[in-house]
Amino acid sequence: MDKKDLKRIYDGYFSQLRKIINSWNLISGSPDDEFDSLNNKILSQLYKNADAEKIDRILQSELISTYGLFSNEFDSEIFVNQIMKWWNLK
């Protein structure tokens, strides 16, 4: 498998995860690429075999500190479960 193949696979996963994150509608009317930074961070950790707790910490930290959401505006446990289910079924 060469670099092009790896890039194509990563881009596919990135696109799938983007759809999951965007389905949460965290910021109404935001562009499709609004959460790409979060997407990259999560995908990077998934490639490193991070567990659900690690993904949850990243998700909460980013949504609160980067995007200005309050913890009561989202249920990170549900989001993490969706991410982990998708990753384990891919």
Square roots of five times the Cα gyration tensor eigenvalues for the range 20-59, Å: 21, 10, 7
Loop-resident sites, the range 1-78, for trypsin sites (Lys or Arg not before Pro), counting at most 15 other Cβ within 10 Å (DSSP): Lys48
Estimated 222 nm signal from helices in the chain, with DSSP H stretches of n ≥ 4 weighted -39500 (n - 2.57), rounded to 500: -20500 deg cm²/dmol
Accessible area (Å², per residue) of the chain, counting only protein heavy atoms and a probe of 1.4 Å: 65 Å²
Neighbourhood charge, 11 Å Cβ-Cβ cut-off, centred on Asn81 and excluding it, Lys, Arg +1 and Asp, Glu -1: -2
Relative contact order for the chain, counting Cα pairs under 8 Å that sit 6 or more residues apart, in percent: 25 percent
Estimated vicinal HN-Hα couplings, Hz - the range 44-53 in sequence order (Karplus 6.51, -1.76, 1.60; Gly, Pro = x): 4, 5, 4, 4, 8, 6, 5, 8, 4, 4
Alpha-carbon gyration tensor eigenvalues x 5, square-rooted, for the chain, Å: 23, 15, 11
The chain - percent of accessible surface contributed by carbon and sulfur, probe 1.4 Å: 49 percent
Cβ charges +1 (Lys, Arg) and -1 (Asp, Glu), total dipole of the chain, debye: 460 debye
Within-12-Å neighbourhood charge of Leu38 [Cβ basis; K, R +1; D, E -1]: -2
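The values are calculated or read from the model by the stated rules, or taken from the named source; none is laboratory data. All values reported here derive from a predicted model rather than from experimental measurement. Here Cβ is always computed from backbone atoms with ideal geometry, including for glycine, and neighbour counts include all displayed protein chains. Areas reflect the complete protein model, heavy atoms only, side chains present, ligands, DNA and RNA absent. Shrake-Rupley method; radii C 1.70, N 1.55, O 1.52, S 1.80 Å.
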